[in-house]
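Here's the structure we're looking at; comments come further down.
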Amino acid sequence: MRSPGGTGHPDPRLLLLVSPSSRLVEEATEAGFEAVTVTDTSGFPDDGALRRHLAETARTHRVSRLVACGEASALPAVLETAEDLGLSPNPAAAAQLLADPSLIRGLLTRSGPQWAAVALPAGTQDEPVSYDVEYGVETLTAEGMHRVTGIVELRSAGSGEASTDTAPASGHPSGGSDRAGAVARLHAFPAPLTRQEEAEIRALATGLLDLAGYEFGYAFTRIACTAEGPRIINSRTEQAAWPTSRLIELTTGLVAERELVRALSGKPLEAPVPVGCAAAVPLPGPHDVPEGIAALAGVREVRDGHALITALTPDELTARTAAVLGRLG
């Protein structure tokens, strides 16, 4: 929806959403916002044209906030335009820093020995850093306060070989997974952690956001479980991708887009309470679904290259996951 153009003060109910999902637009509209959208940032001849279009759109419609979504949340042209116009509480440098593991290592090193020790080493092309298990921490930040909405475990689903990929998570369902790479990942939510382990993982994720100066929005922080302890990989300033986002929703009832709109409205954010647990088992291919998978106990959805399973207890989830893996075997 577009508001009438004109001059004057920004309207607090008007938002400029860049690369939003249709669900976010629907949630914003339902909450009483009017959304002006720029759906495709790739259709401009250069960064300058995109910057000019965003600035003109923001001024014409007197929007109060520019919200960058998905891959747009790391584009300098979008972030810097929002900062220049005073339409985002986040400094542009924060999101750009978080997506780059080398910049994260530099930030952590400058922040003292305690932080330097939890940075994932760079490794080499011949000997990349190896780890079997990774944790993905989704957070929603409002006014600089970080709330963890979920921690997922990502474990190699095949022969147990360690994954060495450190590519950033994709913010779009078409990416098929929360991390790119050749090794398929079994997702489990909530991550099976002790209280002490969970507290440490939470502290690393939220501490990194503090150090980077991140003030508002979603972030998905990846933390490797190494022989030397947990190590920070990177943090994308967007909500968790499929299938993690769906596991959180199935287990807690939390709708990520709705919570973001609540934060934009200044409403208090609700603490998610998991009921049961869930897992996503990678399939041989996005369109290669073995016969009978969907009929197995606990299988809720089969799409986008994963079978999603729910259960009331971890033991039940383990058994149901094993049944799916056995069918794939």
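The values are calculated or read from the model by the stated rules, or taken from the named source; none is laboratory data. If you're wondering where the values come from, they're calculated on a predicted model, not measured in any experiment. For neighbour counting, all protein chains shown are included, and Cβ atoms are generated from backbone atoms with ideal geometry for every residue, glycine included. Heavy atoms of the whole protein, side chains included, go into the accessibility calculation; ligands, DNA and RNA do not. Shrake-Rupley method; radii C 1.70, N 1.55, O 1.52, S 1.80 Å.
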Please report the spacing between the Cα centers of segment 122-155 and segment 194-261 in Å, no decimals. 6 Å
Once amide H atoms are built 1.01 Å from N in the peptide plane, which residues 5 or more positions from Leu296, or in another chain, come under 5 Å H to H? none
For segment 227-318, what does the relative contact order come out to in percent, with C-alpha contacts under 8 Å and a separation of six or more? 24 percent
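May I ask you to give the percent of accessible area on segment 96-142 that is carbon plus sulfur, with a probe radius of 1.4 Å? Don't jump to the answer; show the numbers that get you there.
Details: 1180 of 2260 Å².
The C+S portion of the solvent-accessible surface of segment 96-142 is 52 percent.
Taking the Cα centre of the chain as origin, sum charge times position over the Cβ atoms of Lys and Arg (+1) and Asp and Glu (-1), and report the length of that vector in debye to the nearest 20. Kindly include the intermediate steps, with their values, before the conclusion.
Working: 27 positive and 41 negative charges, 101 e Å.
The dipole magnitude comes to about 480 debye.
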For the chain: accessible area per residue (Å², 1.4 Å): 46 Å²
Nearest-0.05 FRET efficiency for Thr60 and Glu228, computed from C-beta distance (R0 51 Å): 0.45
Roughly how many nanometres apart are two label points built 7 Å out from the Cα toward the Cβ at Leu325 and Met145? 4.0 nm
Would you compute, from DSSP H runs of 4+ residues alone, the mean residue ellipticity of the chain at 222 nm, taking -39500 (n - 2.57) per run and dividing by the full residue count, rounded to the nearest 500? -9500 deg cm²/dmol
Cα-centre dipole for segment 33-81 with unit charges at Cβ (Lys and Arg positive, Asp and Glu negative), debye to 20: 260 debye
For segment 184-190, what does the Karplus curve 6.51 cos²θ - 1.76 cosθ + 1.60, with θ = phi - 60°, yield as ³J(HN,Hα) per residue in whole Hz, taken in order and with x for Gly and Pro? 5, 10, 8, 9, 10, 9, x
Would you kindly derive the ³J(HN,Hα) couplings of segment 31-48 from the backbone phi angles with the Karplus curve 6.51 cos²θ - 1.76 cosθ + 1.60 (θ = phi - 60°), listing them in order in whole Hz, with x for Gly and Pro? 7, x, 7, 10, 9, 9, 10, 10, 7, 9, 8, 8, x, 10, x, 7, 4, x
Taking the dipole of segment 235-329 about the Cα centre (Lys, Arg +1; Asp, Glu -1; charges at Cβ), the one of Gly305, Pro286, Gly253 that reaches farthest to the positive side is Gly253
For the chain the mean separation of alpha carbon contacts under 8 Å (6+ apart) over residue count, i.e. relative contact order in percent, is 15 percent
Using the Karplus equation 6.51 cos²θ - 1.76 cosθ + 1.60 (θ = phi - 60°), what ³J(HN,Hα) coupling, rounded to whole Hz, does each residue of segment 240-248 give in order, writing x for Gly and Pro? 4, 7, 5, x, 4, 4, 6, 4, 4
With a ≥ b ≥ c the root eigenvalues of the C-alpha gyration tensor of segment 35-95, is it rounded (a/c under 1.5), prolate (a/b larger than b/c) or oblate? rounded
Please say if segment 1-157 is rounded, prolate or oblate, where rounded means a/c under 1.5 for a ≥ b ≥ c the square roots of the C-alpha gyration tensor eigenvalues, and otherwise the choice is prolate for a/b larger than b/c and oblate otherwise? prolate
Mind listing the long-range amide H neighbours of Asn234? Cut-off is under 5 Å, sequence gap 5 or more, other chains count too, H placed in the peptide plane at 1.01 Å from N. Arg222
Using amide H atoms built in the peptide plane, which far-off residues or other-chain residues are under 5 Å from Leu14 H to H? Glu34, Ser64
Going through segment 276-329, which GluC sites (Glu not before Pro) have at most 13 other Cβ atoms within 10 Å and a DSSP loop state? Glu291
